Each structure stands twice: as C-alpha cells, then as structure tokens.
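Some notes on the structure that comes next.
The values are calculated or read from the model by the stated rules, or taken from the named source; none is laboratory data. Because the structure is predicted, anything quoted here is derived from the model rather than measured. When we count neighbours, we look across all protein chains shown, and the Cβ atoms used for this are built from the backbone with ideal geometry, even at glycine. Surface accessibility is based on the protein's heavy atoms, side chains included, excluding ligands, DNA and RNA. Shrake-Rupley method; radii C 1.70, N 1.55, O 1.52, S 1.80 Å.
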Amino acid sequence: MSKPFFITTAIDYTNGAPHIGHAYEKVLADVLARYHRLKGDAENPQEVFYLTGVDQHGQKVQQSAEKAGLEPQAYVDGITAKFTALWEKLDVKYSAWAATTDPLHKECVRANLQKLWDDKDPATGESRWIYKKTQRGFYSVRQEQFLTDKERGPDGQFGPEWGVVEERDEENFYFRLTQDPTTGLPGCDPKQWLLDFIDKRTADGNPFVVPDFRVAELRNAVEKLEGDLCISRPASRLKWGIPFPESFGAGFVTYVWFDALVNYITYAPGHDPHYSERTAKQRSGEEGSGATSPAADAANNEPASSLRSFAPSRFNDFWPPLHVIGKDILIPAHGVYWPIMLKALGFTDEEMPTLLVHGWWNIAGAKMSKSLGNIVDPDLLADKYGPEALRYYLMSDITTGKDADFSEERLVQCYNADLANNLGNLLNRSLNMAAKYREAKVRAPSVSVLQNAEDPHRAFGNVVESWVRSYRSRVEMPPKSDSPIPQIIEPFMIHTALNDAMDIAIYCNALIQQRQPWTLAKAEKAGDANALQELDTVLYNLAESLRIIAILIWPVLPDAAHGIFDQLAWKLDEGGKDTRFRLADAVWGGLPDGHVLGRPVPLFPRIEAPAAEAK
Ligand code: MSP
C-alpha cells in the first residue's frame with residue numbers, strides 16, 4: 001500500500017462570505033486529493049485525507065460581529081455555513097472540517113502551549129520557547145489596537161481615523177523564533193536551523209516550497225528575521241480568542257497564528273489529544289494495555305522525550321501534509337512560524353510539510369477588495385454557469401503559483417471552446433456515428449494488436465497514452481532523482497494536465513475530419529470491405545479515447561466524467577461512485593470487442609448568454 005496522501009489548505013477567515021480566491025484554493029486542493037484517489041486501485045489503495053476549514057477567532061471577527069449586532073459565535077456560525085454550503089455546491093470533498101471555535105481544537109491549542117511552557121531549560125527553570133515581556137507602544141483607543149509606523153501618515157502623525165492615540169505598556173507572551181544571545185535559549189538557533197532545513201530540502205530535490213521561485217523569496221526573508229513572535233493578547237482587549245492555560249496566569253488569549261496553525265495537528269488523522277497522558281499511564285502500569293503500547297511507540301520510533309506525541313501510528317502514516325496556501329501567507333506565517341513551531345514541538349526535519357504556494361486571482365490587474373467593490377462571488381457564478389464550468393475555469397486559466405486575472409467573459413470562452421466545442425462535440429458526434437453506422441457496437445482490435453506497440457493499428461493508442469504520461473508528470477511531484485540535471489517540469493500544473501486531456505479530444509476531432517466516417521460508411525455500403533474495417537478502427541479510437549479522457553478529467557470535472565462513462569455505457573454498475581475512475585485504467589484497449597455504447601445526450605450545452613461581469 002502506498003503512503004497515504006494528506007493534503008491541507010489555509011483555513012479561511014469568517015469575517016465575510018467566501019470569494020473566488022477561497023474557492024480557487026479549495027478546488028485546487030480538491031483536485032489534487034481526487035488525483036490521488038484516482039491513483040489507487042483495489043490492490044494498492046491510496047488513502048487520501050483532505051483537511052480544510054475556517055479560522056473563526058480574532059479582532060476582525062469580533063468587530064464584524066459587533067457591527068452585525070450578533071454574538072461572535074452566532075456570527076461565525078452564520079458565515080461558516082456559507083463556506084460549507086459553497087463547498088457542497090462546488091463538490092469540494094474534504095475528509096475533516098477544521099473550525100477553530102470547536103472545543104477539540106481549543107483543547108489542542110492549549111495542550112500545545114502547555115507542552116512548550118513545560119519544556120523547561122534546566123539552568124534557568126524557564127520555558128525554552130515561551131517567555132513574557134512588557135512592551136511600550138502607541139495604542140488607538142477607538143480602534144482598540146496597537147499601531148506601528150506603517151499606520152503613520154506622510155506627516156509622521158497618526159491620522160484622525162485612529163481617534164485618541166496614547167502610549168501604553170502591554171505585557172504579552174512571546175514565542176522564540178531567534179536564539180537569545182545572552183541565555184542561548186531555546187537551546188538551538190531556530191533561524192539557522194530553518195535556513196539549513198530549506199537548503200537541505202532544495203539540495204535533496206524535495207523543496208520545502210513549490211513553485212521553485214518562492215524558495216529564494218522565503219530564504220531571503222528568513223535571513224532578515226529578527227525578534228520573536230507575540231502569541232498573546234490581553235483578554236481585556238481581545239475577547240474572541242482561546243484563553244491560555246491557567247499555568248500562564250490569568251487574562252491572556254492566544255493571538256492569530258498559535259491558534260490557526262495548530263488546526264493541522266488537531267484535525268490530522270490519528271491525532272489523539274490524550275495520547276501522551278494515556279501512554280505515560282500505561283508505561284507506569286496504571287492502566288491495562290490499550291491499543292497502543294510503549295513497544296508500539298518504539299516500533300514507531302517515537303522518542304519518549306518528544307513533545308510531538310499524538311497517537312503516533314496512524315498520525316505518522318499520514319503526516320506530513322502537502323499544504324496549499326496563497327502567496328500572501330507564506331512569509332512569515334507558514335514559511336517561518338509554522339516550521340519553527342513544529343520544530344519546537346519535536347517534529348523532525350523529515351516531518352516538515354511541503355508548501356504549495358498558489359498565486360492570486362485579481363480583477364483587471366487590481367486586488368479584490370471590499371472597498372473597491374470588486375469581490376467576485378463564486379456562489380453566484382456556480383448558480384449561473386454550473387459548478388463544473390466554474391471548477392474548470394479556475395483550474396484551466398491560471399498557472400499554479402502565478403497570478404491571473406479573473407474574467408467572467410474568459411470563463412464563458414474557456415467553457416465554450418474546450419468543453420462545449422471540443423470535448424462535448426466529440427462525445428456527441430462519436431456516439432451518433434457509432435449508433436448510425438454500427439448499431440452503437442464497437443469492434444476492438446485483437447489482443448495481439450493491442451499488446452504490440454509497433455502495430456500500426458495501435459499507433460493512435462500510443463499517442464493517447466503519451467498524453468496520459470504527460471498528464472501524470474504535470475500533476476505529480478517528480479520521483480527523487482540522483483541526476484545532477486535539475487527537474488524542469490514543475491509539479492501541480494493542473495492547467496497543463498487539463499490541456500493534455502483536451503489535446504486528446506482535439507486529436508480525435510482531427511481524426512474525424514481526416515477519416516470522415518460518413519464517407520467510409522458510404523464506401524462500405526458500396527461493398528468496400530477495407531472501408532468497414534477502417535470505420536470500425538476510427539469508431540473504436542474515438543470511444544476508447546473518450547473513456548480515457550473521462551478518467552483524466554475526473555479530478556476537475558467529476559460530474560462530467562460520470563456523464564461520459566454513462567454515455568459510453570461503461571462501468572454502469574459503479575455509476576456515481578468515485579471508485580469508477582482509476583488512473584490504472586487509462587491504458588489503451590479497455591473497451592472490449594462488441595461493447596455497446598449508450599445514447600448521446602448533450603453534456604456541455606453552449607453558453608450563449610452575453611457575459612456580464614459577476615460581482
Ligand atoms: N485565516 C488565514 C489563514 C490561516 S491558515 C492557518 C487567512 N485567511 S483568508 O481567508 O484571508 O485567506 C484564505 C486563503 O485564501 C489564503 O491562502 C489566501 O491566500 C487565499 N486567497 C485570498 N484571496 C485570494 C485571491 N484573490 N486569489 C487566490 N487566493 C486568495 O489568511
């Protein structure tokens with residue numbers, strides 16, 4: 001059985017309804033999760049776990065709730081429901097849902113803070129990773145926040161929008177990102193470790209961050225890293241957060257990242273918040289033998305001293321994740337804070353995630369923003385054009401890692417050109433011709449022909465299979481190679497993988513133009529036996545290609561893929577089930593001799609309506 005595939009995404013802020021950027025990220029991760037499901041088969045199933053969710057705490061949410069006249073929980077519940085309804089509509093199939101106000105998550109955050117607090121330096125008796133400090137700063141009473149120099153106007157003053165600004169002292173907890181030059185705490189140099197780690201992953205051909213160009217960007221930021229991360233807010237000014245454990249003293253809540261970033265542990269498959277306590281009890285013989293034992297720990301190479309102790313066996317099977325985020329939260333949150341937090345908790349270098357950093361959808365070159373009033377609503381678009389038209393556009397009109405401009409007109413163009421004209425027409429014409437000329441029955445070449453790559457009757461199949469290979473190389477991480485020549489193909493290029501599938505359809509449409517089955521049918525009627533054989537070969541090539549295309553498009557267009565299989569009358573017993581599609585079946589010669597195809601039904605009706613920009 002291959003290693004399970006664990007994929008995670010950013011969890012979205014619940015201070016507004018989901019927009020097209022949120023939809024893009026969750027569909028992208030869904031497509032990658034589905035691709036891995038496609039790779040498994042009965043003998044070698046691949047377990048896939050897709051975790052996504054919402055980030056429900058924070059000042060902004062607290063303020064939005066106040067504006068809406070609601071309790072924060074009621075407010076975030078309402079917004080959360082919009083997210084889950086959208087994922088249902090867009091067929092985003094996640095395995096677990098992270099919600100940071102969930103008691104399970106709060107418990108996990110507090111337990112992790114406690115672990116770091118209890119990890120004491122023997123010399124000073126202080127926590128190695130967390131300390132308390134008082135800082136003086138400028139505080140806006142009206143906006144209830146500390147201000148930085150960024151908030152100063154060109155005249156160096158804080159503008160009237162901040163109301164009264166006063167200097168205040170505030171005590172908070174800090175998490176070490178850098179080594180204290182005096183005490184040497186936390187006992188290692190996290191900044192140097194991170195630099196070395198980034199370099200090692202790059203040298204191993206397994207970069208920490210994909211695409212490549214982001215590695216240098218992150219490395220530069222780490223080089224410049226100074227100071228530590230403030231992880232608390234006094235409860236007096238931020239109520240909507242997770243209270244620190246009592247041992248830290250009363251009156252503090254966690255602040256943003258120490259809450260949000262922990263969700264990947266809370267909801268990871270196999271995570272058991274009470275695992276370490278239970279195993280400790282088992283070790284000291286207080287409890288009977290449970291499912292896990294010290295022997296099992298040893299077998300899992302779990303060092304007894306590690307702070308990272310969450311049901312090791314299943315957790316270890318899945319961890320670490322491929323983590324999908326947008327470019328704005330790479331530095332510093334996911335590229336700096338997260339790996340150092342994981343290191344502090346005892347995760348090894350091999351247990352660090354891989355970050356897949358995507359670009360942004362902009363509107364006519366500008367950032368989407370409430371103030372510009374150019375926020376694109378994916379819910380409206382899915383209702384107007386169908387969820388799969390939207391999924392297709394989001395996956396086909398952007399290069400993973402780069403920015404793109406969102407345009408409703410482009411959505412319609414892409415749909416009409418690729419799905420209605422190219423693929424939809426091919427399906428319709430192929431099935432119609434098969435019904436008209438051969439009573440919908442396909443005649444497969446003999447097994448000896450199918451198995452002989454040199455046979456001219458297999459030539460078409462060879463070309464189709466070369467597209468399948470290309471498709472795979474676009475989506476997957478390349479296998480580790482010892483070659484000194486760097487890999488040129490970037491992984492996760494969904495748009496080029498889709499192009500490969502569409503190229504097969506273009507190739508088939510060209511075959512129809514070239515061979516003209518209607519002419520062959522006429523010649524056959526006039527008694528030309530060769531024409532009949534050629535007609536059968538052409539019709540087989542078309543039906544077989546459509547079967548393979550359906551498998552390749554399934555991760556992006558699950559409904560359409562089922563539609564094609566239904567019309568080919570293929571695997572009808574598995575209708576509607578994910579298991580109907582297997583990458584292992586994308587080899588030439590699957591349709592058996594004499595298979596009877598189904599009736600054609602338009603799958604992608606053209607969109608005729610002139611596109612007005614959806615806002
Ligand atoms: N809550 C934090 C993430 C915490 S993860 C531990 C957050 N939330 S967010 O709602 O602002 O953004 C969620 C994701 O959406 C991020 O990965 C972000 O990059 C992505 N996008 C937000 N706007 C986007 C576009 N316009 N285009 C594409 N993705 C964008 O950050």
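Inside segment 322-340, can you point out the residues that are over 19 Å from MET477 (Cα atoms) and away from the ligand (no atom under 11 Å from the Cβ)?
Within segment 322-340, ILE331, PRO332, GLY335, VAL336, PRO339, ILE340 qualify.
Residues in segment 189-204: is at least one farther than 23 Å from TRP257 by Cα and either among the polar types (S, T, N, Q) or in contact with a His (Cβ under 8 Å, 6 or more places away or on another chain) (or both)?
yes
Answer yes or no as to whether SER371 is more than 21 Å from the chain's Cα centre (by Cα) and over 21 Å from GLY270 (Cβ atoms).
Judged against the criteria, SER371 is a match.
Is it the case that some residue within segment 439-447 is assigned to a helix (DSSP H, G or I) and modelled with pLDDT under 95? Show your work before the answer.
Step one: list which residues in segment 439-447 are assigned to a helix (DSSP H, G or I), which gives 447.
From what is left, the residues that are modelled with pLDDT under 95 are 447.
Yes.
Working carefully through the options THR9, THR52, find the one that is within 8 Å of the ligand (Cβ to nearest atom) and either of a type in the set (S, T, N, Q) or free of Cβ contacts under 8 Å to residues at least 24 places away in the same chain (or both).
When all the criteria are applied, what remains is THR9.
Having 3 or more residues that are within 17 Å of ILE331 (Cα to Cα) and under 23 Å from the mean Cα position of the chain (by Cα) is the bar; report the helices (runs of 4 or more DSSP H) wholly within segment 180-283 that clear it. Show your work before the answer.
Working: elements: 190-203, 213-223, 257-260, 263-266, 275-283.
Counting at least 3 such residues, we get 213-223, 257-260.
Considering segment 120-174 alone, what residues qualify as being touching a residue at least 40 places away in the same chain (Cβ under 8 Å), within 28 Å of LEU307 (Cα to Cα) and part of a strand (DSSP E or B)?
Result: ILE130, TYR131, LYS132, LYS133, GLU171, ASN172, PHE173, TYR174.
Check segment 67-75 and report whether any residue there is in contact with a Lys or Arg (Cβ under 9 Å, 6 or more places away or on another chain), farther than 24 Å from PHE258 by Cβ and crowded, with 19+ Cβ neighbours inside 10 Å.
no
Which condition number does LYS60 fail, the rest of (1) modelled with pLDDT of 95 or more; (2) basic (Lys, Arg); (3) within 16 Å of the ligand (Cβ to nearest atom); (4) open to solvent by 10 Å² or more (accessible area, probe 1.4 Å) being met?
Unmet for LYS60, out of (1) modelled with pLDDT of 95 or more; (2) basic (Lys, Arg); (3) within 16 Å of the ligand (Cβ to nearest atom); (4) open to solvent by 10 Å² or more (accessible area, probe 1.4 Å): (1).
Among all residue pairs at least 6 apart or on different chains, which show Cβ distances below 7 Å where the first residue, located in segment 27-46, is among the hydrophobic types (A, V, I, L, M, F, W, C) and the second is assigned to a loop (DSSP other than H, G, I, E, B) and open to solvent by 30 Å² or more (accessible area, probe 1.4 Å)?
Note: pairs meeting the criteria are LEU38/ARG582.
Quick one: ALA17 ticks every box in (1) away from the ligand (no atom under 16 Å from the Cβ); (2) surrounded by fewer than 20 Cβ atoms within 10 Å (Cβ to Cβ); (3) modelled with pLDDT of 95 or more bar one, so which box is it?
Condition not satisfied by ALA17: (1).
Conditions first: (1) open to solvent by less than 10 Å² (accessible area, probe 1.4 Å); (2) over 17 Å from SER430 (Cβ atoms); (3) of a type outside the set (Ser, Thr, Tyr). ARG547 passes all but one, so which condition is the exception?
Condition not satisfied by ARG547: (2).
Considering every residue within segment 28-35, establish whether at least one is assigned to a helix (DSSP H, G or I), closer than 16 Å to PRO555 by Cβ, at pLDDT 95 or above and within 10 Å of the ligand (Cβ to nearest atom).
Yes, because at least one residue in segment 28-35 is assigned to a helix (DSSP H, G or I), closer than 16 Å to PRO555 by Cβ, at pLDDT 95 or above and within 10 Å of the ligand (Cβ to nearest atom).
So which residues in segment 354-369 are surrounded by fewer than 13 Cβ atoms within 10 Å (Cβ to Cβ), assigned to a loop (DSSP other than H, G, I, E, B) and within 12 Å of the ligand (Cβ to nearest atom)? It would help to see each step written out before you state the result.
Step one: filter segment 354-369 for residues surrounded by fewer than 13 Cβ atoms within 10 Å (Cβ to Cβ), giving 364-366, 369.
Now narrow it down to the ones that are assigned to a loop (DSSP other than H, G, I, E, B): 364-365, 369.
Once the filter is applied, which keeps residues that are surrounded by fewer than 13 Cβ atoms within 10 Å (Cβ to Cβ), assigned to a loop (DSSP other than H, G, I, E, B) and within 12 Å of the ligand (Cβ to nearest atom), segment 354-369 yields only SER369.
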